[in-house]
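**Q** Just dropping this structure here.
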Amino acid sequence: MQKRFLKTMGTLLVTTSILIGCSSDAEEPKNSSADYYELEDDIENIGDILGEHDIVILGESTHWSSEIAKQKTDLIDYLAEEHGFNLLFLETGDSEFNYFQESDLPIIEGISDQYQQEIFKKYLDGTSENIKALPMDWKPVFSGNRASSVSILEENIVDEISKHDLDLAEAFKRSEFALRDWFSKGALQGKKVGHLERSTNVYEDIRSQSFFNKLTRETQNYIISRQENIEKYYSKISFEDGVAEYNDYREIGMSEKVLEQMDSNDKAIVWVSNLHSNYDVTSIEYTNEVYVEDKMNERVESLGALLRESEHKVYNTGLFHNEADNYELLPEDYATPRREKDETLEGYIGNRVQKDIFIDFATSDFIEENQYTVYWAGYYDYRMVP
């Protein structure tokens, strides 16, 4: 069934939006694909390219625009309905996501900020018939990135444990605060805080108690998930030398969680920023001084590269835009001005095509093999080879 991919674009697509990608095994003859496809008119052609893959990674240049979310949800719905994609992986913590979903608590409290939009509701509450949302991140989720915030989740678990052991309940609460404080200082505030230190493994202590099986299933699963994430990821990271280690382990963890939750007949869409989708991290040169200082450009792993090394057939895409006037989810009014010179990726494409297009880099000669500057949310740029 032909579906209209993009309807009213509002202020986002004043000029050109570009969805670009590359297959993991693209050895097709050059004449088998057009140089580009118009998003509004050629959705069936785009679907044919993406639909033959097991995993499609949908990158984006910012998490913070509701208009960009609209573009991607239209594409997700089309791929789910017409090409059998049944799983949608989100960049949000699995411990919190699963607890809120299993507890029938408002899922909005258990997901990362960028997904707290009305447009995601049908995926998060399970009312989307064709596709199921799943978490793939291990980093903690907490309100407004404030380590001191107490969530409904923690209040409920503390209350449950308190009925059996007041000391363990208090130790659990302290551990959650300490973990989030360490993460907030290291990853979000750029402080050199070293490894996560804990005087005792309270999660293991709780699991060893006879009352553990009397806790609700969602609480048991949360405690197990948190302990496993600490052992596999948190405990391996030191923020003493910046966030490079964190970013590598985050990519590793997300790829593992995607693959662990997929069965042989599943087809998955992975929703991430472009930097996670990119499968050659060495081709990115960060120009923002904060990222240079934090040594983010020393990262080695990427979700896109790790998934391409799996047994699945993977397609990586990135979404770029040439003028966005409205980032509704950001606290300040950011905007990306119109790019008109060839030294930027957006400018290069926008000068040649004024419509919203999809470029298949595996088969198209539209882009020259140069390094281009691209923009993210209007406040830092980086360089990449498409």
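**Q** Could you give log10 I(q)/I(0) at q = 0.14, 0.22 Å⁻¹ for the stretch 104-187, computed by the Debye formula over C-alpha point scatterers of equal weight, without solvent?
**A** Calculated log10 I(q)/I(0) at the listed q: -0.60, -1.09.
**Q** Using a Förster distance of 25 angstrom, determine the FRET efficiency expected from the C-beta separation of Glu231 and Asp266, and round it to 0.05.
**A** 0.40
**Q** A follow-up question, please. Mind listing the Cα extents of the stretch 171-278 along all three principal axes, in Å, largest one first?
**A** Largest to smallest, the principal-axis extents are 46, 43, 16 Å.
**Q** Another question, if that's okay. Three principal axis extents, largest first, for the C-alpha atoms of the stretch 117-247, in Å?
**A** Cα spread of the stretch 117-247 along its principal axes, largest to smallest: 45, 41, 24 Å.
**Q** Could I ask something else about it? Please calculate how many Å² of accessible area the stretch 81-194 carries per residue, with a 1.4 Å probe and no DNA, RNA or ligand atoms counted. Working shown, then result.
**A** Values: 4970 Å² over 114 residues.
On a per-residue basis, 44 Å².
**Q** List the trypsin sites (Lys or Arg not before Pro) within the stretch 190-265 that fall in a DSSP loop (any state other than H, G, I, E or B) and whose Cβ has at most 13 other Cβ atoms within 10 Å.
**A** Those that pass, being in a loop and sparsely packed, are Lys191, Lys192.
The values are calculated or read from the model by the stated rules, or taken from the named source; none is laboratory data. It should be emphasised that the depicted structure is a prediction, and the values quoted were computed from it without experimental measurement. Heads up, the Cβs are rebuilt from the backbone with ideal geometry, glycines too, and the neighbour counts pull from every protein chain shown. For accessibility, only protein heavy atoms count, side chains too; no ligands or nucleic acids. Shrake-Rupley method; radii C 1.70, N 1.55, O 1.52, S 1.80 Å.
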